[in-house]
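In what follows, a structure is listed as structure tokens, so that the remarks can point back to it.
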Amino acid sequence: MSKQMMLEVTEVEPLTPLVTRFRFEHPEKAPLPIFSGGAHVVVEMPDGEMLRRNAYSLISDPNDASGYEIAVRREETGRGGSRYMHSEVTPGTRMRISVPTNLFALDPRARKHVLIAGGIGITPFLSHLRQLDLLQQPFELHYAARSRDEAAGLKLLPKSARIHVQISDEGNRMDLGEILTDQPIGTHVYVCGPEGLISAVLDAAARHGWPKGALHSEAFASPPPGKPFTVTLAKSGRTIEVSASQSLLEALEAAKVEIDWSCRGGACGRCETKVAACDGQIEHNDHWLSRDERAEQKKIMPCMSRFTGAALVLDL
Amino acid sequence: MTLQFNDETFRGDYSYFNTEHAIKRLPFPFDRDEYVYSVNIEAHPGGPKGSPFEFRFDVDEHYVSEMKDRAITLDDDPLRCQSLPHMELAGWDLLEIIMVSKAEDYTDLFTLHRDGNRWHWINRPLGIEQRFTFLDPTTLPCGPMEYITRQTQGDFALLHERDGNLWMDAGMVTSQADWSLDFDIGMNFFEWHAPVPKAKQMGVFDKALKFLLAMQQGQSYRRLNWTMTVNPRLDTSPENYHKWGPEKRTITPENVGRKQHLRIELQSFWRLPRSNAIAFPIRCYLACLEDICTQPKWGRRLHRVLRDIDPTLAEYKGFAVNQDMIVNYLSQFDDGAPTSPGIFPDA
Ligand code: FES
């Protein structure tokens, strides 16, 4: 579990009808820890009976200790975290925020950075841009969004010839082939956005002969809702119900079962839990377990993954 | 109490010594009467007042002389300090964390004034005063990592995280226990740990790597490691093995108590905020067997640990040739009485 700070919301600004920017500051204006481009924080939301924790990329200047900013897209079908942020949080609200963690850092060895964002996946790049500016490293940013309503980045991006925006409702599409050809040797590519965009970029890069080490991706993942299911804990014999709008991790936390975590998005590996028995199918939604590990069904990442079937027993 | 700095050497006449105060606060590395390789990580800083765990970067009576010894080693071999170009930001991170910590923890020794990026650093023990612009390397006499580690006890490695691994891409290494920065630079976590016997089979490294990768800023950790060195020499590098290796043969039953040193490493781990790199300081404490045995609990325990240790580890730790003499010497301090748990001496 990460170290946390109690911060106060000082600004709430709708960027588009779907996306809102929140600014947090220390109540006594104490400086916050600075961070590195691409870092995220985990925001705690006491939603009725439930304690939700969602990870959001920081979009403010990594070198600015006066406050942290995030942009949250309202997900009508999500588990409710983003709805909570949109409906319950106003200036003056105090919230518990983790210290920044970075799972999507720039590779400082790169000669040039090519950033590719889809939809709300623009958020980690907003802090990357500030860091690139500070380090004076060459980059280009390609930003695709379905509509202007979704394109929260438009308001936050500086005007620059190196920033290219494609709105698909307006008939513009990102040409990955073109982006990925003729880049200088030593270029690194970073992609963040929906699953489909990430695999499209990684596939296209593979076809164009890009080395694996030069490709970086962050799936924009918050735990998907799903059907309710039940888990049993091997050591205590307890059974725990996971509701449709809860992640397994949230359900375990609500039942006061201690689980280590950091990213809550299936990327860091911290919450890895052994499965003692599994009669059914684990829906692995994480990016941590290997293909073989998934098939074995002997491990589960409770922050992201769900289960359908007769019985799932965790080694807890 | 203001610190008195010893005037001493770590080579030649080896005039290095520990005062009684320094002995009592040694980070003795054994918490029980046997040794098994383990990751044994705990939060840092944090520990009894006056102990080497109290502050983020411990400054003790050896500070000034250790920094002189580092300067000599660097004069002979500048490659003991290297930083791949992409590690400069991590160097500034390290400089910041050390200057801020020392100025807060040792107000009488160090002062840091910051006005935006215009910084003013005063290091009284070394008589250094420097005004510079943070993040502008042209305003320092050398790179930021070299600058601050010439003023900080212990070796330093800066690890860059990529491809799910950690790469040693910068370091200042002049008091290493037989490993070489010039050899290890650019290697990943598993490559530079390759020589440690047993640990690999135990899966210790997979766990340690996973732990380090998940480490967040504002949470730092430490662990203790140890080895044995003949004479209080800081620079026991492979490059200079011809200078210190033969000294192993100078041990006799008469001089073993003074010449044979327990070399304790206080390793700590820090996630650096601006670069997201990990800093890995390795602080070395040296104490001869005589020093250790002034604390009855430690004398008994060290005897049992070194007597019963796995032979491969005795070899790896470099004292197998003298093990009999060492254990013989220590046996006079072991009356068979039980020892209390934990590393601290009995009051
Ligand atoms: S908390 Fe990071 S993978 Fe689950």
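The values are calculated or read from the model by the stated rules, or taken from the named source; none is laboratory data. The model shown is predicted, which means the values in this text are computed figures rather than measured ones. Here Cβ is always computed from backbone atoms with ideal geometry, including for glycine, and neighbour counts include all displayed protein chains. These accessible areas exclude ligands, DNA and RNA; they are computed on the full protein's heavy atoms, side chains included. Shrake-Rupley method; radii C 1.70, N 1.55, O 1.52, S 1.80 Å.
Worth pointing out:
- Neighbouring partner chain Cβ atoms per residue of B:216-222, average, 10 Å criterion: 5
- The stretch A:180-316: projected area of the alpha-carbon convex hull, averaged over directions, in nm²: 8.9 nm²
- Acute angle (nearest 10 degrees) that the helix B:204-213 long axis makes with the longest principal axis of chain B, alpha-carbon atoms: 20 degrees
- Shape class for the stretch A:112-219, computed from the alpha carbon gyration tensor (a ≥ b ≥ c): oblate, with a/c not under 1.5 and a/b at or below b/c.
- The helix-only estimate of mean residue ellipticity at 222 nm for chain B, built from DSSP H runs of length n ≥ 4 each weighted as -39500 (n - 2.57), is -8000 deg cm²/dmol after division by the residue total.
- Leading residue at positive end of dipole, chain B (Cβ point charges), from B:L266, B:Q4, B:P141: B:L266
- Every helix of 4 or more DSSP H residues in chain A counts as -39500 (n - 2.57), and over all residues that averages to -5000 deg cm²/dmol at 222 nm.
- Taken about its Cα centre, the stretch B:20-100 carries a charge dipole of roughly 180 debye when the Cβ of each Lys and Arg holds +1 and the Cβ of each Asp and Glu holds -1.
- Computed with a 1.4 angstrom probe on protein heavy atoms, the B-A interface buries about 1800 square angstrom of accessible area in total.
- Rounded to 10°, Cα long-axis angle of helix A:123-135 versus longest principal axis of chain A: 50 degrees
- Considering only A:A254, A:A55, A:A30, the mean-square fluctuation computed in a Gaussian network model of chain A, springs between alpha carbons under 10 angstrom, is largest for A:A30.
- Of the GluC sites (Glu not before Pro) in the stretch A:223-277, those whose Cβ has at most 15 other Cβ within 10 Å and which sit in DSSP loop: A:E258
- Projected-area mean, the stretch A:1-118, by convex hull of Cα positions, square nanometres: 8.5 nm²
- Cα pair distances exceeding 34 angstrom across the protein assembly as shown, given as percent: 51 percent
- Using R0 = 41 Å, the C-beta based FRET efficiency linking B:A337 and A:D133 works out to 0.05.
- For the set A:K112/B:K102; B:K49/B:K297; B:K49/B:K248; B:K68/B:K102; A:K29/B:K210; A:K212/B:K317, the pairs lying more than 30 angstrom apart at their alpha carbons are A:K112/B:K102; B:K49/B:K248; A:K29/B:K210; A:K212/B:K317.
- Extension gain from B:D76 to B:E20, taking 0.36 nm per residue of separation minus the Cα-Cα distance: 16.8 nm
- Gained length - A:T90 relative to A:R173, 0.36 nm times residue gap less alpha-carbon distance: 26.3 nm
- Between the Cα long axis of helix A:195-207 and the first principal axis of chain A there is an angle of about 60°, rounded to the nearest 10.
- Low-density loop positions, trypsin sites (Lys or Arg not before Pro), the stretch B:32-99 - DSSP coil, at most 14 other Cβ in 10 Å: B:R32, B:K49
- If only the Cβ of Lys and Arg carry +1 and only the Cβ of Asp and Glu carry -1, the dipole of the stretch A:229-314 around its Cα centre is close to 120 debye.
- Sites B:D31 and A:E195, calculated FRET efficiency, Cβ-Cβ separation with R0 35 Å, nearest 0.05: 0.15
- Only alpha carbons enter this Debye calculation for chain B, each as an equal point scatterer, and the log10 of I(q)/I(0) it gives at q = 0.07, 0.11, 0.12, 0.14 Å⁻¹ is -0.29, -0.74, -0.89, -1.23.
- Qualifying trypsin sites (Lys or Arg not before Pro) in the stretch A:1-85, where qualification requires a DSSP coil assignment and no more than 14 other C-beta atoms within 10 Å, comprise A:K3, A:K29.
- Compared with its chain on its own, the stretch A:79-103 contains the following residues whose accessible area drops by 20 Å² or more in the full protein assembly (probe 1.4 Å; ligands, DNA and RNA excluded): A:V99, A:P100, A:T101, A:N102.
- Label-to-label distance, A:E11 versus A:R74, with points set 7 angstrom from Cα along the beta-carbon direction: 2.1 nm.
- Once both labels are positioned 7 Å from their Cα atoms along Cα-to-Cβ, the gap between A:D107 and A:A244 label points is 4.3 nm.
- Magnitude of the charge dipole for the protein assembly as shown, about its Cα centre and with charges confined to Cβ atoms of Lys, Arg (+1) and Asp, Glu (-1), is about 800 debye.
- Zone residues, the stretch A:264-279, relative to A:A310, backbone N less than 19 Å from point 7 Å out along Cα-to-Cβ: A:275-279
- Straight-line cross-link partners of A:K159 among the aspartates and glutamates, defined as a Cα under 18 Å from its Cα and at least 8 positions apart when in the same chain: A:D61, A:D133, A:E140.
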